[in-house]
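For reference, the structure discussed in these notes is given below.
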Amino acid sequence: MKRTKVIDALKSVEYGKDINVKGWVRSHRSSKAVDFIALNDGSTINSIQIVVDPSVMDEEQLKSITTGACIGVDGIVVESQGTGQTVEIQCKNIVIYGLCPSDYPMQKKGQSFEYMRKYAHLRLRTNTFGAVFRIRHNMAIAVHKYFHDHGFFYFNTPLITASDCEGAGEMFQVTTKNLYNLEKDEDGKIKYDDDFFGKMTSLTVSGQLEGELGATALGSIYTFGPTFRAENSNTPRHLAEFWMIEPEVAFLEQEGLMDLEEDFIKYCIRWALDNCKDDLAFLNNMIDKGLIERLEGVLKQDFVRLPYTEGIKILEEAVAKGHKFENPVSWGIDLASEHERFLVEEHFKKPVIMTDYPKEIKAFYMKINEDDKTVQGTDVLFPQIGEIIGGSVREENYDKLVGEIERRQIPMKDMWWYLDTRKYGSCPHAGFGLGFERLILFVTGMQNIRDVIPFPRTPKTAEF
Ligand code: 4AD
Ligand code: MG
């Protein structure tokens with residue numbers, strides 16, 4: 001008989017109908033007359049209850065079906081006697097696909113997230129991680145839907161690149177070698193072939209520069225792909241491999257860029273509230289009691305638009321009134337996470353788009369304001385998260401851009417293709433990068449970025 005997914009079985013109202021479901025056992029309880037098995041196949045947070053009359057199978061075999069075991073069940077859809085669900089399955093036959101020995105690491109409920117990270121390959125089978133990764137999927141759909149509906153083209157930028165977009169030198173270098181035919185030098189050291197591309201290449205830290213080539217040809221593009229940073233930050237907000245969404249738009253100026261940032265984030269949050277109801281209700285209940293209220297709250301508010309200089313004034317006033325920050329505050333500093341969170345969580349109590357940063361703390365490509373001190377950056381700062389978006393209007397003037405590249409001693413010969421956008425038919429344009437995992441953190445209420453990507457990469461950890 002054809003398998004029905006648990007999500008569909010639970011919606012079934014045809015009592016008396018034959019059905020087949022397959023999945024992993026979440027729990028197995030025995031009472032005198034019947035056994036109850038909660039079965040989940042990952043299609044939904046909810047498990048379906050299987051009611052087993054012990055006469056349907058050998059007693060020892062039935063007992064061997066413990067938490068984590070994989071089984072198939074033939075049965076009849078019946079009205080549930082228990083609370084919460086309308087449907088359960090009266091079991092006629094069970095097929096055991098895989099038993100699960102008692103050393104199954106995900107057996108106990110309430111294990112810490114830190115413990116579960118050691119079993120990233122098995123934590124996927126728990127309710128919490130099932131919810132998180134279904135939401136992650138839905139957010140990826142929301143990203144594509146938003147941009148497609150707004151006339152943006154999905155544009156793929158290279159993962160292996162010879163340029164450093166952010167100019168921070170935090171790049172993973174690419175080398176080649178044949179793992180099964182290791183050549184060694186006289187000292188016995190493995191010989192690497194660094195000459196595959198004829199120059200040094202790295203994994204991309206941002207698709208923006210190539211994205212600008214797309215935008216200045218197709219008008220509006222977005223990228224959505226893996227991004228790599230060799231920054232040695234062991235924080236709950238940083239990964240060495242994360243996913244970034246980078247829209248880039250021709251003829252867009254600063255106000256329009258901020259409108260796009262705000263509209264896009266709100267769309268994604270609305271999408272989660274509309275399409276991930278069961279998973280969000282579960283996380284709200286189990287992980288973070290204020291989650292849904294917080295998500296709804298963001299939709300009701302206009303984000304604050306705050307020039308950096310005013311932000312610094314607010315922080316300085318807080319210091320004058322006795323607020324203690326670990327990092328000193330003065331014009332020119334790169335805001336620390338404590339500063340960002342003070343502005344968003346304590347001062348304004350809503351998301352902030354911070355604009356017009358000092359040029360010395362931002363990348364070379366940002367449009368320089370008339371004061372020649374600040375640039376048209378537009379970062380979005382979020383409660384719980386800190387910086388969720390980094391964006392800017394781009395410098396479209398060829399001479400100013402070359403001046404900035406020279407001043408920062410960025411090797412000019414590597415930038416000729418980028419400069420061509422300014423040389424030939426240059427146009428005003430702007431864009432931003434949103435860290436996908438930081439968005440998922442906000443939407444799920446999870447606390448650590450390692451828990452919203454299936455297989456996290458952080459310093460000293462690259463399991464699997
Ligand atoms: O602010 P960033 O460095 O901006 C750029 O890379 C621009 N080139 C983007 C653009 O304008 N197209 O990074 C953008 C966002 C950050 O706001 C943050 O959300 C995320 O990427 N991010 C990280 N997320 C997880 N782990 C890391 N190590 C991250 N570094 C940045
Ligand atoms: Mg940034």
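Derivation of every value follows stated rules applied to the coordinates shown; laboratory data play no part. As the structure is a prediction and not an experimental result, all values here were calculated from the model. We place every Cβ from the backbone using ideal geometry, glycine too, and count neighbours over all the protein chains shown.
Some notes on this structure:
Yes or no, residue by residue, for (1) part of a strand (DSSP E or B); (2) among the hydrophobic types (A, V, I, L, M, F, W, C); (3) in contact (Cβ under 8 Å) with a residue 60 or more places away in the chain; (4) out of contact with any Ser or Thr (no Cβ under 6 Å at 6 or more places or on another chain):
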position: 96; (1), (2), (3), (4): yes, yes, no, yes
position: 103; (1), (2), (3), (4): no, no, no, yes
position: 130; (1), (2), (3), (4): no, no, yes, yes
position: 142; (1), (2), (3), (4): no, yes, yes, yes
position: 147; (1), (2), (3), (4): no, yes, yes, yes
position: 156; (1), (2), (3), (4): no, no, yes, yes
position: 168; (1), (2), (3), (4): no, yes, yes, yes
position: 186; (1), (2), (3), (4): no, no, no, yes
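- Residue selected from segment 65-93 under the condition surrounded by fewer than 13 Cβ atoms within 10 Å (Cβ to Cβ) and of a type in the set (Gly, Ala, Ser), by the criterion farthest from the chain's Cα centre (by Cα): 82
- Test: residue in segment 392-412 that is farther than 30 Å from residue 121 by Cα, more than 16 Å from ligand 1 (Cβ to nearest atom), among the basic types (Lys, Arg) and touching a strand residue (DSSP E or B) at 6+ places or on another chain (Cβ under 7 Å): yes
- Any chance residue 153 is over 30 Å from residue 214 (Cβ atoms) and among the aromatic types (Phe, Trp, Tyr): no
- Criterion: outside any helix (DSSP H, G or I) and either under 20 Å from residue 204 (Cα atoms) or of a type in the set (D, E, K, R) (or both) - qualifying residue of 425, 390: 390
- Counting only helices (runs of 4 or more DSSP H) that sit completely within segment 248-367, zero hold 3 or more residues that are loosely packed, with under 15 Cβ neighbours inside 10 Å and of a type in the set (Val, Ile, Thr).
- The lone exception for residue 21 - which of (1) of a type outside the set (Asp, Glu); (2) in a loop (DSSP other than H, G, I, E, B); (3) touching a helix residue (DSSP H, G or I) at 6+ places or on another chain (Cβ under 6 Å) it fails: (2)
- Applying the condition of being closer than 30 Å to residue 440 by Cα and small (Gly, Ala, Ser) to segment 353-411 and asking which residue is nearest to ligand 2 (Cβ to nearest atom) yields 390.
- Some residue of segment 106-117 being surrounded by fewer than 16 Cβ atoms within 10 Å (Cβ to Cβ) and touching an Asp or Glu at 6+ places or on another chain (Cβ under 8 Å): yes
- Positions within segment 205-247 being of a type in the set (Asp, Glu) and either away from ligand 2 (no atom under 16 Å from the Cβ) or part of a helix (DSSP H, G or I) (or both), in sequence order: 210, 212, 241
- Hits in segment 428-461 (condition: part of a loop (DSSP other than H, G, I, E, B) and in contact (Cβ under 8 Å) with a residue 24 or more places away in the chain): 428, 445, 446, 447, 448, 452, 453, 454, 455, 456, 457, 459
- Some residue of segment 199-214 being on the phi > 0 side of the Ramachandran plot and more than 16 Å from ligand 1 (Cβ to nearest atom): no
- Condition met for residue 450 (within 15 Å of ligand 1 (Cβ to nearest atom) and touching a His at 6+ places or on another chain (Cβ under 7 Å)): no
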